[in-house]
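Visitor: This is the structure I have questions about; it appears just below.
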Amino acid sequence: MGKFFKDIIFVFSFFRRYLKFLILAIPFSLVFSSSRGLLALLTKEGVDRGLVQGSVRDITNVVLYIVILFIVASLSRVLSSYLINYSVQGVIRDIREKVFSNIVSVSLDRNISSSTTVSRLLGDVEVISSFPDLLKTILKEPFSLLFLSCVLMYINWKLALFSLGAFSFVAIPALYIGKKVRKASLRTRESADSISQKLIESIQGAKVIRIYSLDIILSVFRKQLDIFRRYSIKSRVLPELNSSIADLSGALIIGAVVIFSAIEISSGNMTVGSFFAFVGATVGLWEPIKNLIRIPSEIGRIIPSAERINEFQIIPTMLGGPIKKERFDESILFDGVCVRFGDKLILNNVNLEIKKGQKVSIIGRSGVGKTTFVSLLPRFFDPSEGSVKIDGFDLRHIDIQSLRRLIGFVEQEPFIFDDTIYENVRIAKPDSKRSEIEIAIQNAGFELDKIDLNRRCGENGRNLSQGQRQRIAIARAFLKNSPIIIMDEPTASVDPELEESLLKTFERLMDGKTVFIVSHKPKTALFAQTFIMIEGGRVYEVDRDMMMNFFFSSV
């Protein structure tokens, strides 16, 4: 029972921002809930005075009161529903925004599955979207139960105690079934993650799957679908079983109440009006009880999704400092920098200073940490030890957006949005004029009279050639015009002819900038005046001859 109430408190913790709306909904729920008890009392008066005693005036008044009661109850119900749904939909929106914001701000050294993220952002949040009905039950039905119980006690306290005692036993199977629903719901959401993962992999790896392992992938996908179906059915059928048990129990209890009430009438202890009112209140009492015993099952279905979402809400993000850095004036300093991924040491005690305007090539064998080294500058992640400083300021003390405005980035496989060429470039500096964007595109090597800037690029640029994708990345860097440029294997995937063309473009891009070049190609690396070798976690400067010897020995 303690765990059950902790679960309810946990779900309500999502509603802190909208608590005032939920509190405002309580009076309206109170009015609507009390209407059932008042209806039973009005029925008693109507039967005893209007029908039994034959008073037309009394029954007319009772009918009028009932009409007024239904009008007030209906308005209260609508207002309560609006306030609750406003709160719940606001929470769902805030959760999705928070999770999305955290995902795009989290350190890139964290291994976060895209399929899991999508599943939780859409599927789990959608499960929570069923919370309005549950919230209405929590806010409304306890009051209905209280008012109707008072009415029963007022009419006949002996029968009331029997009815309430009998109804209380119905809650026992509900708590047990709720635990089963929770386990089934958790497995359902986990299998949904696996389905999302296989679906995304099938889209991204379509060529490999078609050539090598279509049957295997289909077999695994079918297996995950079967698991999802099995636990999804279980999580939905168990609450129905709970309702069926409750309905059967309720019918037996109400039947017993009718029999005992008839005995009370025959012995002269109960009037006909009291009989109708008591039976009506008992039937009315069953509705809130039935709804309340559904809460454990619904909580069991919602809690696993709420916990999975909460993991993404509390995930640590990259936080910036208060310093607004608008310019790069002097140097970049790596001061005792160490980087570890798990137990593996990637960079060990790096001490290096890069002056403004310096062009640096970072060389080394695959997997030694070249990309890790340059990724420290835009704070894709932070060093495990030591610090990186720009103009004497620790990067962690600088506002993260102002820091990244100082840095342009050209990578081996640039990400292209499913939008036009024009919009893919504009993303680098959204407030740019069209003329500025066209100049950047032209500087990147596009011929404006031969290319349609409104052409859609397709998912991740599938409608473009490798050279066009690379030039879009370069155009972004031109448009942003940052004083620091990072070029991570910018020519690794292109042929020699295209490399020659891109190198001329790079020369214009790097003019007057501080540049970090990561490349396995000598022609690209030779754009720098300073050469840095990374080997065994150590970072040290080498001369031009040693750099060339490294490339020739690699070949």
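Visitor: Scan the range 493-518 for residues that are modelled with pLDDT of 75 or more and either touching a His at 6+ places or on another chain (Cβ under 9 Å) or of a type in the set (Val, Ile, Thr) (or both) and report the count.
Guide: Adding up the residues that qualify gives 5.
Visitor: Of all residues in the range 516-553, which are assigned to a loop (DSSP other than H, G, I, E, B) and under 41 Å from the mean Cα position of the chain (by Cα)?
Guide: Residues satisfying the conditions are Ser519, His520, Gly536, Gly537.
Visitor: Out of Glu541, Glu499, Glu535, Glu507, I need the residue that is of a type in the set (Asp, Glu), in the same structural domain as Phe415 (by TED's automatic domain parsing) and buried (at least 17 other Cβ atoms within 10 Å of the Cβ). Which one?
Guide: Residue meeting the stated conditions: Glu499.
Visitor: So which residues in the range 248-275 are farther than 12 Å from Leu152 by Cβ and in contact with a Lys or Arg (Cβ under 7 Å, 6 or more places away or on another chain), if there are any at all?
Guide: Answer for the range 248-275, where residues must be farther than 12 Å from Leu152 by Cβ and in contact with a Lys or Arg (Cβ under 7 Å, 6 or more places away or on another chain): Gly250, Gly273.
Visitor: Those residues that are surrounded by 17 or more Cβ atoms within 10 Å (Cβ to Cβ) and not small (Gly, Ala, Ser), I need them from the range 319-347; list them, please.
Guide: Lys325, Phe328, Ile332, Leu333, Phe334, Val337, Val339, Ile346, Leu347
Visitor: Mind telling me which of the residues Pro430, Pro378 ends up being within 17 Å of Ile486 (Cβ to Cβ), assigned to a loop (DSSP other than H, G, I, E, B) and either modelled with pLDDT of 85 or more or under 27 Å from the mean Cα position of the chain (by Cα) (or both)?
Guide: Details: Pro430 fails: within 17 Å of Ile486 (Cβ to Cβ).
Answer to the selection: Pro378.
Visitor: Report yes if some residue within the range 467-486 is surrounded by fewer than 21 Cβ atoms within 10 Å (Cβ to Cβ), in a loop (DSSP other than H, G, I, E, B) and in contact with a Ser or Thr (Cβ under 8 Å, 6 or more places away or on another chain); otherwise report no.
Guide: yes
Visitor: Evaluate the range 306-326: report whether one residue or more is small (Gly, Ala, Ser) and either in a loop (DSSP other than H, G, I, E, B) or in the same structural domain as Pro483 (by TED's automatic domain parsing) (or both).
Guide: yes
Visitor: Sticking with this one: With the requirement that a residue be over 28 Å from Ser402 (Cβ atoms) and of a type in the set (D, E, K, R), what does the range 433-485 give you?
Guide: First, pick out the residues of the range 433-485 that are over 28 Å from Ser402 (Cβ atoms): 442, 445-469.
Matches in the range 433-485: Glu447, Asp449, Lys450, Asp452, Arg455, Arg456, Glu459, Arg462, Arg469.
Visitor: Restricting attention to the range 219-241, and to residues there that are of a type in the set (Lys, Arg) and more than 24 Å from the chain's Cα centre (by Cα), which single residue is farthest from Gln197 (Cα to Cα)? I'd like the intermediate steps shown before the answer.
Guide: Step one: filter the range 219-241 for residues of a type in the set (Lys, Arg), giving 222-223, 229-230, 234, 236.
Okay, now just the ones that are also more than 24 Å from the chain's Cα centre (by Cα), so 222-223, 230, 234.
Working: Arg222: 13, Lys223: 13, Arg230: 19, Lys234: 23 Å.
Result: Lys234.
Visitor: Hey, could you check the range 56-79 for residues that are hydrophobic (A, V, I, L, M, F, W, C) and farther than 16 Å from Thr43 by Cα and say which is surrounded by the fewest Cβ atoms within 10 Å (Cβ to Cβ)?
Guide: Ile71
Visitor: Right, next: On the basis of being at pLDDT below 75, in the same structural domain as Leu164 (by TED's automatic domain parsing) and of a type in the set (Asp, Glu), does Asp226 make the cut? Reasoning before the result, please.
Guide: Values: at pLDDT below 75: no; in the same structural domain as Leu164 (by TED's automatic domain parsing): yes; of a type in the set (Asp, Glu): yes.
Criteria not met by Asp226.
Visitor: Filter the range 397-411 down to the residues that are farther than 19 Å from Ala428 by Cβ and crowded, with 18+ Cβ neighbours inside 10 Å and list them by number.
Guide: Ile398
Visitor: Continuing with the same structure: Quick one: which residue in Ala171, Ala166 is surrounded by fewer than 21 Cβ atoms within 10 Å (Cβ to Cβ), farther than 30 Å from Ile195 by Cβ and at pLDDT below 70?
Guide: Ala171
Yes/no per residue for (1) touching a Cys at 6+ places or on another chain (Cβ under 8 Å); (2) part of a helix (DSSP H, G or I):
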position	(1), (2)
Lys389	no, no
Leu403	no, yes
Phe417	yes, no
Gln442	no, yes
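Visitor: Here's a follow-up. Please work out if Ile233 is among the hydrophobic types (A, V, I, L, M, F, W, C) and either modelled with pLDDT of 75 or more or under 30 Å from Glu459 (Cα atoms) (or both).
Guide: Yes.
Visitor: When you go through Gly357, Gly300, Gly280, Gly268 one by one, which is the residue that is in the same structural domain as Val99 (by TED's automatic domain parsing) and not in a helix (DSSP H, G or I)?
Guide: Answer to the check: Gly268.
Visitor: Those residues that are over 15 Å from Gly284 (Cα atoms) and of a type in the set (A, V, I, L, M), I need them from the range 253-270; list them, please.
Guide: Selection gives Ala256, Ile259, Ala262, Ile263, Ile265, Met270.
Visitor: Out of the range 433-447, which residues are at pLDDT 85 or above and among the aliphatic types (A, V, I, L, M)?
Guide: Passing the criteria: Ile437, Ile439, Ala440, Ile441.
Visitor: Okay, moving on. Can you name the number of the only condition in (1) of a type in the set (S, T, N, Q); (2) surrounded by 20 or more Cβ atoms within 10 Å (Cβ to Cβ); (3) under 34 Å from the mean Cα position of the chain (by Cα) that Asn460 fails?
Guide: (2)
The values are calculated or read from the model by the stated rules, or taken from the named source; none is laboratory data. Predicted, not measured: the structure shown is a model, and the values here were computed from it. Because the Cβ atoms are built from the backbone with ideal geometry, glycine has one as well, and the counts that use them run over all protein chains shown.
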